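The values are calculated or read from the model by the stated rules, or taken from the named source; none is laboratory data. What you see is a predicted model; the values in this text were computed from it and never measured. Quick reminder, even Gly has a Cβ in these numbers, built from the backbone with ideal geometry, and neighbours come from all protein chains shown. Only protein heavy atoms, including side chains, enter the accessible area calculation; ligands, DNA and RNA are left aside. Shrake-Rupley method; radii C 1.70, N 1.55, O 1.52, S 1.80 Å.
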Amino acid sequence: MQDQEITIQPGCEDELNTGLLSVAQARERILAAVAPVKTSEALPLREALGRVLAGEIVAPLDVPSHTNSAMDGYAVRAADLPEEGVREFRVPGTSWAGRPWLTPIEPGRAVQIMTGAMMPEGADTVVMQEQVERDGDRVRIGSGHHCGQNVRAAGEDVAAGQQVFAPGKRLTAADIGVLASLGLAEVAVFRKLKVAFFSTGDELRPVGEALGPGEIYDSNRYTLYGLLRKLDVDIIDLGVVRDRRELIEQAFNTAAATADVIITSGGVSVGEADFVKETLEKLGNMSFWKIAMKPGRPVAFGHIGAVVFFGLPGNPVSVMVTFFQFVRPALLKMSGETAPSPAFTVRARAASPLRKRPGRFEFQRGIIEQSAPGEFVVRSAGAQGSGILRSMSEANCFILLDPDRSRVEAGEEVEVQPFQNLI
Ligand code: AMP
Ligand code: MG
């Protein structure tokens, strides 16, 4: 895909290829090297749900478009209301929602009015129906009301001319409701990113086939599919590619011709049968990073022409962790989202000790529970090996342990990132 300007990070390959990068450094480098898509398309409002706005939205009208009643009751002029005692008003008619009473209100009159109905000209106050006594074409209203009560002003939700949304906003259910309230039937959003992925490894079998000796099923393409679905990108699944030079090169060429982003899993570790590395070095501009994290390292990142490439590790938990830390933020930026809502963290007490070696950032899988309002406890979701995908299924959060941290004792506070919205 050709509509991106790419910026290759400064030439510090030697530094990148030796030593360990921190998670934050790797993420910053990746974010600096990817750019948002430029093309946009106009979509009917409903189809724009979950997509990213390409331009700003300025309100073409006031919402609500007319001053109206917030209650069922009687519209009056505040000046006519009694300061004490009770006053009787004549009721000339009713203002219905969508069928307004068009005659200006005369002194001493009260127009019956329904919720959402336009205020009659001259009326400034609504007295709730429960607070009056109606008798034929008369209504008795007591004291204690104030001018402007129960009235919704034109433009109090959105004023005409106001910027409602800035470009780069991912549209939620509330957002498309706001756009509908402005009468907009279509909205311009950035085109979807096209993301291709494939798994590499001679040991991998697609589901539905019988396993041979030493083979395992390819699960990474399923987790990746699930993770990508959440991001509303076009998904191009290129299957399992055997560890053979020409097949790998062919897969990269196919992916690069159709996608904005290529994600692979497996085949990036040192000493691996390494057609992935070899091919990437031939086709593009690549860095192989060892990142001070567990699980997750190593990760490859670079470009094949204008196409962005992520080479994730093969272990299933590592795939998910590196996806969240590196791929997801990059895809959000490339999709044109300017202020993605950050994944939030909370403090929780460890229910039992957590093993941890200093020197690298650990993303342990945990189960967080609320112990009292505003208080949380977290326990390990079980064995923490990077091949144990069940730990991701059973967990509802990552326990984030900084590089400097060592073993955590029961009762100590840790930082926790709930999976909500991530998975
Ligand atoms: P690699 O990074 O290729 O050395 O793979 C590391 C580990 O992850 C090995 O045990 C692989 O068998 C496993 N693995 C690699 N790719 C996949 C996959 N697509 N699905 C499940 N496991 C995988
Ligand atoms: Mg492999």
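The table below gives the values:
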| item | result |
| --- | --- |
| Part-to-part distance (alpha-carbon centres) for region 128-207 and region 393-415, which is given in Å | 39 |
| Accessible area in square angstrom per residue, region 48-151, 1.4 angstrom probe | 50 |
| In sequence order, calculated HN-Hα J values of region 61-78 (Karplus, 6.51, -1.76, 1.60; Hz; x Gly/Pro) | 7, 6, 10, x, 7, 9, 5, 9, 8, 8, 9, 7, x, 10, 8, 9, 8, 3 |
| Carbon/sulfur fraction of accessible area - the chain, other protein chains in place, 1.4 Å, % | 51 |
| Rounded to the nearest 20 debye, dipole of the chain from Cβ charges on Lys, Arg, Asp, Glu | 860 |
| Count of Lys pairs (Cα-Cα under 15 Å; at least 8 positions apart or interchain) in the chain | 13 |
| Region 184-303, dipole about Cα centre (Lys/Arg Cβ +1, Asp/Glu Cβ -1), debye to the nearest 20 | 400 |
| Summed residue charge, Cβ within 9 Å of Glu413's Cβ, Lys/Arg positive, Asp/Glu negative | 0 |
| Ser406 paired with Leu20, simple spin-label distance in nm, labels 7 Å along Cα-to-beta-carbon | 1.5 |
| Cα-centred dipole magnitude for region 69-157, charges only on beta-carbon of K, R (+1) and D, E (-1), debye, nearest 20 | 220 |
| Cα-Cα pairs of the chain separated by more than 34 Å (percent) | 51 |
| Estimated Rh, region 355-423: Kirkwood, alpha-carbon pairs, angstrom | 12.5 |
| Prolate/oblate/rounded call for region 229-348, Cα gyration tensor, a/c under 1.5 rounded | oblate |
